[in-house]
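Below is one structure; the comments refer to it alone.
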Amino acid sequence: MRDGAVGERDEQLARAFVELADTLVEGFYLVDFLHVLTDHMIALLDVTAIGVVMVDAQGRLVDVTASTHTAHQLEEAQVEFDEGPCRDCCLQGEQVGPVGLTLPAAAERWPRFTQTARAAGFATVAAVPLRLRDEVIGAVNIFHSDPVGIHPASLRLAQALADAATIGILHQRISQNQAERVSQLQTALNSRITIEQAKGVVGALLHVTPDAAFGYLRAHARSNQTSLTKVCQLVVEGQLSVETFAVPQDRKRHL
């Protein structure tokens with residue numbers, strides 16, 4: 001790796017840990033924060049997709065966010081099937097995998113999840129816990145389309161980023177009262193629904209895939225230095241026109 005590339009990666013790493021520690025801000029949105037985590041993991045790890053599940057107040061798993069629409073569907077499948085790496089990771093409180101999905105052991109361990117993940121084009125999966133000491137608040141699912149697998153260095157960095165995110169989330173919760181803590185995850189789930197609805201609106205109007213629609217929403221939020229959740233809410237409520245989005249000129253000519 002050349003010096004320039006090394007310097008750029010070091011800068012990305014530093015920015016990732018700083019942003020994951022910055023949770024005591026006004027208008028903290030858990031879904032937005034977890035998107036920051038998935039963004040950094042995709043940028044820094046040699047993997048295809050990232051998904052996040054959280055543990056609610058009743059100890060149930062809920063899918064919260066993912067880097068792609070396909071990964072999000074797989075997170076939902078794990079919750080529905082009650083099997084998969086994120087489920088095992090949350091129950092055990094430790095890293096799961098990497099597991100090759102083409103191996104018989106994967107189908108024996110997670111029959112429905114393995115079939116669904118392979119059909120989606122993934123060949124390897126792993127999961128790292130969102131954990132601080134004995135408290136497990138969720139897990140990060142790591143997907144790779146390459147059958148060669150996920151590099152051990154990538155998993156070590158994934159755990160370090162997950163640890164930083166966990167500390168940030170728990171630190172933020174300390175500043176809340178008990179009622180606010182219980183409602184935080186429900187608010188995140190409501191935000192997720194709003195984001196999905198906004199993706200549908202943008203996708204229908206711009207004739208793009210859910211992932212492309214998500215990209216437009218996030219780009220607009222970043223360029224205007226505002227919350228992704230707020231942008232999506234405005235789109236769903238009809239208060240923000242997708243015509244204001246930074247759509248490439250060649251696509252605008254076809255709208």
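The values are calculated or read from the model by the stated rules, or taken from the named source; none is laboratory data. These figures come from a predicted structure and were not determined experimentally. FYI the Cβ positions are ideal-geometry reconstructions off the backbone, even for glycines, and counts take in every protein chain you see. Remember, those area values only see protein heavy atoms, side chains included, never the ligands or the DNA or RNA. Shrake-Rupley method; radii C 1.70, N 1.55, O 1.52, S 1.80 Å.
Per residue of the chain, what 222 nm ellipticity follows from adding -39500 (n - 2.57) for every DSSP H run with n ≥ 4, rounded to the nearest 500?
Working: 11 runs with 149 residues, N = 255.
Rounded to the nearest 500, the figure is -18500 deg cm²/dmol.
Given a Förster distance of 25 Å, report the FRET efficiency between R9 and L205 from their Cβ-Cβ distance, rounded to the nearest 0.05. Can you show the working numbers first?
On the way: r = 37 Å, r/R0 = 1.49.
Efficiency computed from Cβ-Cβ geometry: 0.10.
Check L132: other-chain or 5+ apart residues with amide H under 5 Å from its amide H, H built from backbone geometry?
Excluding prolines and chain starts, which carry no amide H, the hits are I137.
Which of the trypsin sites (Lys or Arg not before Pro) found in region 84-133 are loop residues per DSSP with 10 or fewer other Cβ atoms within 10 Å of their Cβ? The partial results should precede the final answer.
Numbers: sites: R87, R109, R112, R118, R131, R133; in loops: R133.
Passing sites in region 84-133 are R133.
Any idea of T229's accessible area? Nearest 10 Å², probe 1.4 Å.
Answer for T229: close to 10 Å² accessible.
Could you go through region 10-21 in sequence order and give the Karplus-derived ³J(HN,Hα) for each residue, using 6.51 cos²θ - 1.76 cosθ + 1.60 with θ = phi - 60°, rounded to whole Hz, and x for Gly and Pro?
Computed from phi, the couplings for region 10-21 are 4, 5, 4, 4, 4, 5, 4, 5, 5, 5, 6, 8 Hz.
Pairs of alpha-carbon atoms within less than 8 angstrom and 6+ residues apart define the contacts here; what relative contact order does the chain have, in percent?
18
Less than 12 Å Cβ to Cβ from A139, Lys/Arg counted +1 and Asp/Glu -1: what total charge do the surrounding residues give?
Net charge in that neighbourhood comes out at -2.
Are there GluC sites (Glu not before Pro) in region 26-79 that DSSP puts in a loop and that have at most 13 other Cβ atoms within 10 Å, and which ones?
Details: sites: E26, E75, E76; in loops: E26.
Within region 26-79, the qualifying GluC sites (Glu not before Pro) (loop, at most 13 other Cβ atoms within 10 Å) are E26.
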